[in-house]
Each structure stands twice: as structure tokens, then as C-alpha cells.
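Beneath this line is the structure, given in C-alpha cells, with notes to follow.
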Amino acid sequence: MPKSIKSRVDRDEFEGTHKSTLEKPNLNGDRLNFYLLIILYIIQGIPVGLSGALPIILQSRKMVTYEDQAAFSISLWPYSLKLLWAPIVDALYVKTIGRRKCWLVPLQFLLGILILYMANNIEDWLPESGKPNLKILIIMFFVVNILSATQDIVVDGWALTMLKKKNVGYASTCNSVGVPFGMFLGSVCFTLLVSEQFNVTHFRAAPGAGGLISMKSYLYIYGFAILVITSIVGIFKKEKDSSLEDGCININVFQNYKLLWDILKLPRIRVLAIALMTTRIGFTATDSVSNLKLIDAGVSKDNIMIVTSALYIIKLIMPIFVSKFVTGPKPMSYFLKVTPFRLLWCTTYVILVYFTPSLIRKDGLVAVPTYYYFIMASVLITNDMLNFFMLLTLFAFFCRLSDPRFGGTYMTLFNTFFYLGFLLSNTVVLKLVDFSTFRKCSTNDQNSCSTPDLKNLCSANGGSCVISMDGYYIVVFISLIIGFIWYFVFRNIIKKYQSLSISHWMINIKRPVAQTATESCLMPA
């Protein structure tokens with residue numbers, strides 16, 4: 001092809017792609033795709049919610065130790081490790097079925113079958129009284145979250161091609177609506193619906209009637225819903241061939257992993273990775289353990305979940321009011337301003353936990369006064385608002401740093417660093433709380449209650465094991481010190497990084513000259 005003709009073709013392709021991105025978004029003809037994406041994201045969010053609800057339920061039933069809670073927290077790790085297999089999901093597919101559909105349908109069928117299997121056995125694994133089968137619960141939820149995390153990769157990728165180019169911006173709306181709503185269904189709704197106390201208190205049910213719905217029934221409904229929706233998608237939903245779109249560059253598995261390696265070789269990325277993996281340490285103890293300590297003190301898990309439901313509403317409307325801060329040229333300046341204030345706010349959580357037993361107990365019986373709920377709600381809501389604001393500024397920072405040619409890969413990598421650091425520190429903190437908590441027998445100070453035999457001996461002598469030193473306060477103090485150290489070490493580094501131009505974060509890669517790369521083709525979810 002003559003050079004002049006070739007240049008004109010390339011220009012026409014670019015202008016056609018550019019024009020489609022400038023068209024005014026309009027969901028006419030895309031509404032079914034829009035609603036389908038929201039449903040798929042809801043399916044994805046429910047396992048996350050269930051994984052967060054189960055520790056609350058276990059703690060309220062006095063069934064587990066903090067070491068057990070640390071072990072169960074491992075079940076959420078797949079969401080931080082999905083980058084390891086995302087390139088495989090993105091590059092390998094059956095073209096006749098569809099790049100994303102060939103993964104989505106079998107994944108969701110497996111997820112639905114696994115949920116039904118859990119429903120059939122949940123009453124044996126998690127009885128109303130007695131020790132739960134924690135090992136099988138951890139394994140099952142770990143596998144469920146692997147499937148859900150992989151479904152996340154697939155749906156994120158499909159969202160960019162399922163919608164028309166002019167409507168691709170709605171993909172983030174589907175995610176931000178669907179996933180939180182799914183988490184709400186899996187955490188708040190699940191906990192309250194299966195709670196007998198909630199049923200008795202608010203619906204005047206007779207004691208012993210159980211919750212409004214059993215765990216078994218809830219999981220059966222969720223499992224069958226997945227199978228029905230997946231069958232409809234498998235039969236009726238056709239996937240267009242995204243490889244035929246203008247400007248698409250197909251990247252194979254090897255190239256995807258090499259792209260990640262090239263990004264990791266950037267010196268600033270390695271420093272940023274350390275900062276991201278340690279940024280939540282200062283807050284982890286209060287975020288992960290405080291609610292469990294309130295339940296230990298006698299606060300109803302149902303009331304904590306009711307407050308949590310208000311937090312979901314705040315998260316939906318809060319971006320409207322803070323958008324001007326997070327969309328500016330230096331979002332991390334606000335992150336750094338809020339960090340010391342939030343670290344100090346953690347002390348209010350500690351004060352609340354410390355005084356809760358004396359505030360809600362009278363003559364040895366739990367009697368929670370109304371004013372206590374206002375205090376608890378103000379502490380929890382303020383903490384979550386600060387946390388959510390910091391997350392918004394952090395994700396805006398990720399967007400500014402990402403090489404626009406490979407924004408999806410960059411964003412996934414940054415999110416992996418951030419959430420992996422949080423989940424690792426969460427597991428370590430729960431273990432440390434258990435390790436640094438010391439007990440003694442109420443009838444024998446020499447009995448440390450450190451082994452099951454000593455605990456049984458204490459009970460046989462008419463005593464009970466009481467806490468002599470609560471590891472929660474020790475771990476929170478250590479976390480806060482680490483948090484302030486992080487702030488003074490990385491403050492100037494982050495300020496410098498957000499001021500750098502995009503060229504400092506770009507990597508060199510050979511690309512076909514005649515093709516204009518689009519984000520939808522390069523994003524490995």
C-alpha cells in the first residue's frame with residue numbers, strides 16, 4: 001500500500017475511534033446490557049459480603065478465637081492475588097463462544113453449584129451451638145472467592161466491549177452500583193435475615209423461631225439465582241468479536257506477564273509498591289478488630305449491621321461532594337492531610353471499646369442505653385467516611401500515574417499492592433491480638449488458661465478464664481506508631497511522585513505502527 005494511502009487509512013481509523021468516544025452517551029439500545037452488567041457485578045459482590053459477615057456471626061456466638069478469625073481472613077486473599085492469573089484469563093479463550101463468555105458461563109455454573117453444596121451442608125459446618133468446622137468453611141469460602149475474583153476479571157473485561165463505545169463510561173457505574181449492593185446483600189441483609197434476635201426484636205417472633213430466613217435457604221436462593229442467570233446468559237447473550245474493532249492489539253499470555261514485569265522494573269514502582277502495601281497498617285487494628293471487640297463486650301451484631309447499612313448509603317452519595325478534591329491535579333495532598341487525623345481518630349475507637357462494658361452493662365446484665373448507639377454510630381460513620389475519602393483520593397492517584405496505553409494493567413497492579421498489604425496486615429493483626437492477650441483463672445491466679453487442659457481445670461474448680469491483659473490495646477498502639485512512621489517516611493516521596501509527569505511512569509514497548517491501541521483491548525482486568 002502506498003505510504004500516502006496507508007497514512008490516510010490510519011488517520012481515518014483513529015478519527016473513527018476518537019469520534020465514537022466523543023459521542024454523547026445514550027443507553028438507548030444498551031439498557032439490557034447495562035442492567036445485565038449490574039446483575040453480574042451483584043453476583044460478584046455477594047461472596048465478598050458473606051466473607052465479611054461470617055466472622056461477625058462467629059464472634060457473636062462466642063465460637064472462635066482471634067487466631068481462628070485470622071485463619072478465616074485468608075479466604076479473602078484471592079481478590080488480591082488475581083493478578084497472577086488475570087493475564088491467562090485475558091489471553092486464552094474459545095473464539096466461537098466468545099472471549100469473555102467462554103469463561104463466565106462455566107465459572108458461574110461452578111460458583112452456583114458450590115453455593116448449593118454449601119447450602120446443603122452449612123447447618124453441619126456452622127451449627128447453632130458447638131464448635132464450627134472452621135477448616136472446611138475456610139476452604140469453601142477460599143474456593144468461592146477464587147471463582148468470584150476470576151469472574152471479576154471476566155466481567156471487567158466484558159463490560160468494555162458489551163456496551164457501545166460511547167457508553168463505555170457506564171461500565172464503572174455498573175461496577176460501583178452492583179458490587180456494593182451485592183456486598184450489602186451478602187453482609188448486612190444476610191446477617192439480619194438469619195438472626196433470631198433481629199426477628200424477635202423487630203418482628204415480634206417467638207423465641208426459638210429462628211431468623212426470618214435460614215442460612216440454608218438464603219444460600220439456596222443465591223445458588224439457584226446464579227444458575228438461572230447464567231443459563232439465560234449462556235443461551236441468549238451473544239458476545240461480539242472485540243478483535244475486529246479498530247485499534248485492537250491482542251496481547252498473548254507471555255506478553256501480558258512481560259508487560260507486568262516491565263512495569264515492576266521501574267524504580268519508582270518498587271518504592272510505590274512498598275508504600276501501598278504498608279499504607280493501611282496504621283488503621284488495620286481498629287478497622288478489623290474493633291467491631292469484634294464490641295460484640296465481645298455485649299453489643300448486638302444486628303445493631304452494628306444496622307449502622308453499617310447507613311454507611312453504604314453514605315458511600316453512594318459521598319463521591320458527589322468530594323469529587324472536586326479527588327479529581328484535581330494532586331489528590332494525594334488530601335490523602336496526606338487526612339492521614340494523621342484518621343490515625344488520631346483511631347483512638348476514639350479504642351476509647352469506645354474500653355468504656356463499652358461499663359456503658360452497656362448494669363448489674364451484670366446488658367442494657368444498652370439509646371445514647372450509646374448515637375456515640376457508636378458517630379465513631380463508626382466518621383471512621384468510614386475518612387477511610388472512603390482516602391480510598392477515592394488513592395484511586396484517583398492510581399489513574400494519574402497509570403500509563404494510558406496499559407491503564408488496566410497498571411490499575412490492577414496498584415490495587416493488588418494496596419489490597420494485598422491490607423489483607424496481609426489484617427491476618428497478622430488478628431493473630432497478634434490473640435498472641436498478646438493473656439488470661440488467668442478467676443479462682444486461681446497461677447492458672448494462665450493458656451492451654452485447653454488449664455481452661456478445663458479452671459472450669460472444674462468453679463472458675464472462669466478472664467482477660468488480664470487485652471492484646472487489642474497493645475496491637476492498636478503498635479499499629480498507630482507504625483502508621484505515623486509511614487506518614488513521615490513516605491509523605492515527601494508521595495508528594496514528589498504525584499508531581500511527576502506521565503512520562504516518568506511509561507514503559508517502552510514495540511507496537512504495530514498502523515494500529516491505535518485502545519484501553520478495552522489492553523486491559524487484563
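The values are calculated or read from the model by the stated rules, or taken from the named source; none is laboratory data. Bear in mind that the values here come from a model prediction, so they are computed numbers and not experimental data. So basically every Cβ, Gly included, is an ideal-geometry build from the backbone, and we count neighbours across all protein chains shown. We work out accessible area using only protein heavy atoms, side chains counted, and drop any ligands, DNA or RNA first. Shrake-Rupley method; radii C 1.70, N 1.55, O 1.52, S 1.80 Å.
So the check is Cβ under 8 Å with 6+ separation or different chains; which pairs have a first residue in the range 500-514 that's open to solvent by less than 70 Å² (accessible area, probe 1.4 Å) and a second one that's modelled with pLDDT under 50 and outside any loop (DSSP other than H, G, I, E, B)?
So the pair list comes out as 514/6; 514/9; 514/10.
Looking at the range 439-455, is at least one residue touching a strand residue (DSSP E or B) at 6+ places or on another chain (Cβ under 9 Å), farther than 19 Å from residue 263 by Cβ and in a helix (DSSP H, G or I)?
Yes, because at least one residue in the range 439-455 is touching a strand residue (DSSP E or B) at 6+ places or on another chain (Cβ under 9 Å), farther than 19 Å from residue 263 by Cβ and in a helix (DSSP H, G or I).
Within the range 88-95, can one find any residue that is crowded, with 21+ Cβ neighbours inside 10 Å and of a type in the set (Asp, Glu)? I'd like the intermediate steps shown before the answer.
Step one: filter the range 88-95 for residues crowded, with 21+ Cβ neighbours inside 10 Å, giving 89-90.
Imposing the further condition that a residue be of a type in the set (Asp, Glu) reduces the set to 90.
Scanning the range 88-95 turns up at least one residue that is crowded, with 21+ Cβ neighbours inside 10 Å and of a type in the set (Asp, Glu).
Within the range 66-82, track down each residue that is out of contact with any Lys or Arg (no Cβ under 8 Å at 6 or more places or on another chain), open to solvent by 20 Å² or more (accessible area, probe 1.4 Å) and part of a helix (DSSP H, G or I). Spell out how you get there, then give the answer.
At the first step, the residues of the range 66-82 found to be out of contact with any Lys or Arg (no Cβ under 8 Å at 6 or more places or on another chain) are 68-69, 71-82.
Okay, now just the ones that are also open to solvent by 20 Å² or more (accessible area, probe 1.4 Å), so 68, 71, 74, 76-77, 79, 81-82.
The answer is 68, 71, 74, 76, 79, 81, 82.
I'd like to verify a number: residues in the range 425-446 that are surrounded by fewer than 19 Cβ atoms within 10 Å (Cβ to Cβ) and farther than 16 Å from residue 65 by Cβ, how many?
5
Look at the range 128-175 and say how many of its residues are outside any helix (DSSP H, G or I) and of a type in the set (Gly, Ala, Ser). I'd like the intermediate steps shown before the answer.
Let us first name the residues in the range 128-175 that are outside any helix (DSSP H, G or I), namely 128-133, 163-164, 168-169.
Applying the additional criterion that residues be of a type in the set (Gly, Ala, Ser) yields 129-130, 169.
The number of residues fulfilling the criteria is 3.
Since residue 63 meets every condition but one in (1) part of a helix (DSSP H, G or I); (2) aliphatic (A, V, I, L, M); (3) within 30 Å of residue 126 (Cβ to Cβ); (4) at pLDDT below 85, which condition does it not meet?
(1)
Taking residue 208, is it part of a helix (DSSP H, G or I) and either at positive phi or open to solvent by less than 30 Å² (accessible area, probe 1.4 Å) (or both)? Explain how you work it out, then say what you get.
Values: part of a helix (DSSP H, G or I): no; either at positive phi or open to solvent by less than 30 Å² (accessible area, probe 1.4 Å) (or both): yes.
Considered against the rule, which asks whether it is part of a helix (DSSP H, G or I) and either at positive phi or open to solvent by less than 30 Å² (accessible area, probe 1.4 Å) (or both), residue 208 comes out as no.
Need at least 2 residues that are open to solvent by less than 10 Å² (accessible area, probe 1.4 Å), touching a helix residue (DSSP H, G or I) at 6+ places or on another chain (Cβ under 8 Å) and without any contact (Cβ under 8 Å) to a residue 40 or more places away in the chain per element, so show me which helices (runs of 4 or more DSSP H) inside the range 256-375 make the cut, counting only ones lying wholly within it.
Ranges flagged: none.
So which of 57, 115, 43 ends up being under 17 Å from the mean Cα position of the chain (by Cα), crowded, with 17+ Cβ neighbours inside 10 Å and not small (Gly, Ala, Ser)?
Details: 57 fails: under 17 Å from the mean Cα position of the chain (by Cα); 115 fails: under 17 Å from the mean Cα position of the chain (by Cα).
When all the criteria are applied, what remains is 43.
Quick one: how many residues across the range 168-196 are over 15 Å from residue 304 (Cβ atoms) and among the polar types (S, T, N, Q)?
4
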